[in-house]
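The structure under discussion appears below in the form of structure tokens.
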Amino acid sequence: MALGHEGSGVVKQVAVFSTTEQKRAEALAFGASEFYPTRDVGKLEIRTPMDHLLVTANAQPDWSLYLPIMAPEGMVYLITVSFNKIAVPAMDLIMGGLRNQGGMIAPRQIHRELLEFASRHNIVPIVEEFPLTAAGATEAFTKAP
């Protein structure tokens with residue numbers, strides 16, 4: 001399964017894909033079992049095809065990198081906010097039997113279940129604080145992905 005680097009503490013086996021090598025240490029600290037940098041990569045070489053791919057990027061990924069690494073009948077979850085059209089090569093979806101899943105904010109019961117799960121497994125948030133100043137805002141935006 002592939003997740004945004006913050007989500008890697010929730011699932012047992014996670015591969016994280018990121019355009020920046022800077023997230024490697026953090027992703028592995030969160031519990032990722034694999035990390036793959038994707039900037040300027042023509043093809044992803046991974047150990048095991050992905051059954052599930054959670055897309056959390058704030059921009060549409062290069063589908064030509066990700067669809068070939070999906071297992072047959074795999075699921076792609078679009079967990080991102082974008083008003084752009086999704087441009088996915090149809091034949092890659094059809095030939096792989098791949099499915100896309102989108103969704104809105106989960107109901108409160110799902111949030112409660114996730115919080116209970118996190119509590120049982122000692123999963124805690126990472127909190128960063130910045131001063132409420134122009135310099136603090138600049139630093140926060142500089143650190144944002």
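Quick note: the coordinates plus some simple rules give every number you see, no bench work behind them. Just so you know, these numbers come straight off a predicted model, no measurement behind them. Every residue, glycine among them, receives a Cβ derived from its backbone with ideal geometry; neighbour counts consider all protein chains shown.
For the range 71-145, the equivalent ellipsoid built from the Cα gyration tensor has semi-axes of 33, 23, 12 Å, listed from largest to smallest. Using a Gaussian network model of the chain in which every pair of alpha carbons under 10 angstrom is joined by a spring, one finds that among F17, F83, F35 the greatest mean-square fluctuation is at F83.
For the chain, the direction-averaged projected area of the alpha-carbon convex hull comes to 10.5 nm². Evaluate the Debye formula for the range 38-101 with equal point scatterers sitting on the alpha carbons, no solvent, and hand back log10 of I(q)/I(0) at q = 0.17 Å⁻¹, in q order, two decimals. Values returned for q = 0.17 Å⁻¹ are -0.58. Distant-in-sequence amide contacts of F35, defined by a placed amide H-H separation under 5 Å and a gap of 5 or more residues or a different chain, comprise V16. Distance between the C-alpha centres of the range 53-82 and the range 102-145: 22 Å, rounded to the whole angstrom.
The amide H of A71, built 1.01 Å from its N in the peptide plane, has M50, D51 as neighbours under 5 Å, considering only residues 5 or more places off or on other chains. Under 12 Å of direct C-alpha separation, and excluding same-chain neighbours fewer than eight residues apart, K143 reaches these aspartates and glutamates: E128, E129.
For the chain, the mean residue ellipticity at 222 nm estimated from helices alone is -7500 deg cm²/dmol, where every DSSP H run of n ≥ 4 contributes -39500 (n - 2.57) and the total is divided by all residues, rounded to the nearest 500. Between R112 and I94, the modelled label-to-label distance comes to 4.5 nm, taking each label 7 Å out from Cα in the direction of the beta carbon.
Relative to the longest principal axis of the Cα atoms of the chain, the long axis of helix 108-120 lies at roughly 70 degrees.
Of all aspartates and glutamates in the structure, the ones whose alpha carbon falls short of 13 Å from that of K43, not counting any fewer than 8 places away in one chain, are D62.
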